[in-house]
Amino acid sequence: MVGAGAFGGWIALYLLRRGARVTLLDAWGAGNSRSSSGGESRIIRGTYGPKQPYSRMSVRALQLWKEHEQRWNVQLLHRTGVLWMATEGNDEYERCSLPVLREAGIAYQELSANELVRRWPQINFDGVPWGIYEPGGGFLRARVACQVVLDGFLAEGGEFRLHAVQPNGLEYGCRDGLLVSDGSKLIADKYVFACGPWLGNLFPETIGSKVSATRQEVFFFGPPAGDDRFSETNLPVWADHGDRFIYGMPAGDGRGFKVADDTHGPEFDATSGDRTASAEALQLARDYVGFRFPGMKNAPLVETRVCQYENTPDSDFIIDRHPRAENVWIVGGGSGHGFKHGPALGEMVSESVIEQKEPDARFRLSRFAR
Ligand SMILES: Cc1cc2nc3c(=O)[nH]c(=O)nc-3n(C[C@H](O)[C@H](O)[C@H](O)COP(=O)(O)OP(=O)(O)OC[C@H]3O[C@@H](n4cnc5c(N)ncnc54)[C@H](O)[C@@H]3O)c2cc1C
């Protein structure tokens, strides 16, 4: 198993539980700061628009996140709820999400403008005629969770090595095993690559630009001292789905109030790209926060992150075998929404790998040929 991010860590764990002997490799470690999973927090929600498998997957994932919190006796999920602000004249995504939420059995409340203002007076709901509140959603402790999953994997008998797999020969189906950074070779019956934004480098022909990394900037602002209006006791995770899709979450885990713009940034090199936040993106975030959360206007910036999405052209994941090798699996393309699904995806992929089960057509590489 190569890659110990949200996808690879959980896949490795579930492969182990299906009886495989698993060696997990990662170039820089589980939840490292170059990886897409290496942020402080990631949202888990069921609202996902129409005709997609992700609402249901997130139900299963949420169940598994909770089960593992109990099993490992550690908090992974902050149960803040998730608020979707539907914008005037641009609420198709939210409208189309409602029947899917119902079908998936996800609890939600449809809230009027008056109800929104009554419940969250610290938010300026200008231009937001209604909203969806998912009480069961929240945010996950992203990089911490990756490390906890690795600990669980080790405790159940897995082996981990801090090694980088070299790209040599991978496109020919790993026939001679994997060449790793210490010069040794690793031979296995099956290989699974969950290398996030690096998949295109490892498989230039099969993946190449089908997974593109974009620069995404995240800002954390410090709420006023002693003011809990912006903490997780009083504010849910929120998503403001207007012309741009801006989202964020309350101050939690001792970090600040997080704000990010989901718009895809420029291409980014996940290995050596500069992770200094830009002045322009900071200004946009400041202007937005001052408008939507007036009590946070002029709040100081306390932290920044520059991460990368690993986008497929249709934002659907990739789960498939290498076209030239039945025993080589490629998993990735989280496209800015993969983290939450980690455990459900791990369960599903491990079944495909061990039982030789066909992956869902939606995730297969052949869709790009159409
Ligand atoms: C700013 C931002 C916000 C996001 N918000 C959300 C959110 O709110 N909710 C949500 O569900 N998702 C969100 N996502 C998306 C989610 O974080 C990703 O889809 C997910 O983390 C991808 O996980 P992964 O395991 O595929 O990739 P990664 O986490 O990148 O893991 C890949 C691993 O492979 C290793 N690796 C790479 N090459 C090699 C090699 N040659 N040899 C050995 N190891 C190698 C790397 O070190 C890395 O650890 C967000 C992403 C970003 C950047």
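Every number here is computed from the coordinates shown, using simple stated rules; none is lab data. Keep in mind the model is a prediction, meaning the values are calculated, not measured. All Cβ positions, glycine included, derive from the backbone under ideal geometry; neighbour counts span all protein chains shown.
Just from its helices, what would the mean residue ellipticity at 222 nm be for the chain, if runs of 4 or more DSSP H residues each count -39500 (n - 2.57) and the sum is divided by every residue, rounded to the nearest 500 deg cm²/dmol?
-8000 deg cm²/dmol
Which whole-number percent is the relative contact order of region 248-358 (Cα, under 8 Å, 6+ apart)?
Over region 248-358, the number comes to 17 percent.
Using the count of nearby Cβ atoms within 10 Å as a rough guide to exposure, how do VAL74, VAL328 rank from fewest to most?
Final ranking by Cβ density, sparse to dense: VAL74, VAL328.
Mind checking the dipole of region 249-355: about its Cα centre, +1 per Lys or Arg Cβ, -1 per Asp or Glu Cβ, Debye to the nearest 20?
Approximately 600 debye in magnitude.
Return, for the Cα atoms of region 63-145, the radius of gyration and Dmax in Å, separated by a comma.
15.2, 45
Between GLN283, GLN122, GLN216, find the one with the highest GNM mean-square fluctuation for the chain; connect C-alpha pairs within less than 10 Å.
Comparing GLN283, GLN122, GLN216 in a Gaussian network model of the chain, the most mobile one is GLN283.
So which lysines can LYS210 reach, going by Cα to Cα under 25 Å and dropping same-chain residues fewer than 8 places off?
Qualifying lysines at Cα under 25 Å: LYS51, LYS190, LYS340, LYS357.
Looking at the chain, send over the antiparallel percent of its DSSP beta bridges, to the nearest 5.
Rounded to the nearest five, the antiparallel share is 75 percent.
How do SER35, SER335, SER41 line up, fewest other C-beta atoms within 10 Å first?
Values: SER35 29, SER335 21, SER41 24.
Placing the least packed residue first, the sequence is SER335, SER41, SER35.
Using just the alpha carbons, could you tell me how many Å³ per residue the convex hull of region 1-132 encloses?
Per-residue hull volume (Cα only) is 155 Å³.
Cross-link candidates for LYS297: which lysines have Cα within less than 23 Å, leaving aside residues fewer than 8 places away along the same chain?
Output for LYS297: LYS258.
Quick one: grab the alpha carbon gyration tensor of region 279-370, order the square roots of its eigenvalues as a ≥ b ≥ c, and give me rounded if a/c is under 1.5, else prolate or oblate depending on whether a/b is larger than b/c.
In terms of gyration-tensor shape, prolate.
Would you order ASP253, ASP182, ASP262 from fewest to most other beta-carbon atoms within 10 Å of each residue's own beta-carbon?
ASP182, ASP253, ASP262
Among ARG143, ARG95, ARG119, whose mean-square fluctuation peaks in a Gaussian network model of the chain (Cα, cutoff 10 Å)?
ARG119
Across 10 Å bins from the origin, how do the percents of Cα pairs in region 173-310 run, short distances first?
10, 32, 25, 16, 12, 4, 0
Can you tell me the dipole magnitude for region 88-158 around its Cα centre, using point charges on the Cβ only (Lys, Arg +1; Asp, Glu -1), in Debye to the nearest 20?
260
Relative contact order of region 126-276, please, whole-number percent, based on alpha carbon pairs below 8 angstrom and at least 6 residues apart.
Once normalised by length, the contact order is 16 percent.
What residue among SER33, SER181, SER58 has the largest mean-square fluctuation in a Gaussian network model of the chain, using Cα springs under 10 Å?
SER181
Let's see if you can work this out: charge +1 on each Lys and Arg Cβ, -1 on each Asp and Glu Cβ, no other charges. What is the dipole magnitude of region 158-295 about its Cα centre, in debye to the nearest 20?
160
What angle, in degrees between 0 and 90 and rounded to the nearest 10, separates the Cα long axis of helix 342-355 from the longest principal axis of the Cα atoms of the chain?
20
Rg to Rh for the chain: what is it, with Cα atoms only and Rh by Kirkwood?
Answer for the chain: 0.97.
Pairing the Cα long axis of helix 279-292 with the longest principal axis of the chain, what angle in degrees results, from 0 to 90 and rounded to the nearest 10?
Rounded to the nearest ten degrees, it is 50.
Select from region 313-347 those trypsin sites (Lys or Arg not before Pro) which occupy a DSSP coil region and have at most 15 other Cβ atoms within 10 Å, ordered by residue number.
ARG324
Determine the relative contact order of the chain: mean sequence separation of Cα pairs under 8 Å and six or more apart, normalised by residue count, in whole percent.
Worked out over the chain, it gives 24 percent.
So which aspartates and glutamates pass the test for LYS66, namely a Cα distance under 20 Å, with those fewer than 8 places away in the same chain ruled out?
Filter leaves GLU40, GLU134, ASP151, GLU156, GLU232, ASP253, GLU347.
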